[in-house]
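One structure is given here, and the rest of the page talks about it.
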Amino acid sequence: AYEITYGDWSSDVCSSDLVDNGRNKFPIERPSSGVLVSTSGLVVTWWDLVREAENAKDKRILVQIDGESQALPASVLARDDATQLALLQIELPQGKLTPCAQFAPGTPRPGSPALVLARTDKDLIAFGGVTSAAHGPTTVRGKPLASKDLLLTDARIDDRCHGGALLGADGLLLGLCNSEHVHKEVSEPTLEDLKATNYGFAIGTERIRAAFAKQLSVGNNLPGTAAPTATAAAVAADAVVTVQTGD
């Protein structure tokens, strides 16, 4: 887990290159999350969390890794327009490696245990649930994503979990969470609030690997034993129906 910070350059850079409102230098911060996927310091996250730093002389990306005393500079190594994913490269000290998440093989069965894990600037957030298959496509920043590339879960994905990891019971990475279509909670919702689109989802690891095939070298992971919840979902699936009525 980490946080991306847009901030001013170090103090030895002339003030004209700093973010400046005419009176004060200031950082632009967007607390967010992502996943380390390589011991060499590669991070998968969403492009909308880092886009302001592209070709900007007065901004940079800093990645704060849990357990590290200070944030580390990073740059955008690759961007995938179709999925709106970004791959960051952290500038690690020479010879240093980082812990990283291992990719799960294939797509988990519906009913498999899942954990949404995200890091904000203040908290480590975790929500538990199970996975299910997406029965329709969605969009990310207007770009279509096919249902086969998506994972759904009843584990909570709110606006704090944008870029968070979706993990299996074995700790393997199932996907990257997205909260673009999550409607923020309001204390006194209007009818429009209640009718608004409101769901989170994850893009699966197979699609992530395809997006960054040149940069990611992922070994084969052995599939784990099917979880009892997944087995129960498979047994009962044919008996479960949807009933709808109205216009």
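The values are calculated or read from the model by the stated rules, or taken from the named source; none is laboratory data. Computed from a predicted structure; not experimentally measured. All Cβ positions, glycine included, derive from the backbone under ideal geometry; neighbour counts span all protein chains shown. Surface accessibility is based on the protein's heavy atoms, side chains included, excluding ligands, DNA and RNA. Shrake-Rupley method; radii C 1.70, N 1.55, O 1.52, S 1.80 Å.
Consider segment 137-182 and keep the residues that are within 17 Å of Ala82 (Cα to Cα) and assigned to a loop (DSSP other than H, G, I, E, B). The one that is least open to solvent (accessible area, probe 1.4 Å) is Gly163.
Close contacts from segment 80-94, counting a first residue that is closer than 14 Å to Gly142 by Cβ and a second that is open to solvent by 50 Å² or more (accessible area, probe 1.4 Å) and in a loop (DSSP other than H, G, I, E, B), with Cβ to Cβ under 6 Å and a gap of 6+ residues or different chains, come to Gln84/Arg141. When you check Arg119 against the structure, is it surrounded by 21 or more Cβ atoms within 10 Å (Cβ to Cβ) and basic (Lys, Arg), yes or no? Criteria met by Arg119.
Of all residues in segment 43-79, which are of a type outside the set (A, V, I, L, M, F, W, C), at pLDDT 85 or above and crowded, with 20+ Cβ neighbours inside 10 Å? Within segment 43-79, Thr45 is the sole residue that qualifies. Asp121 satisfies every condition listed in (1) among the charged types (D, E, K, R); (2) at pLDDT 90 or above; (3) within 17 Å of Ser33 (Cβ to Cβ) except (2). When the criteria are applied in full, Thr190 fails the requirement of being touching a strand residue (DSSP E or B) at 6+ places or on another chain (Cβ under 8 Å) and of a type in the set (Val, Ile, Thr).
The sole residue among Ile208, Ile203 that is within 30 Å of Leu87 (Cβ to Cβ), part of a helix (DSSP H, G or I), modelled with pLDDT of 90 or more and of a type in the set (Val, Ile, Thr) is Ile208.
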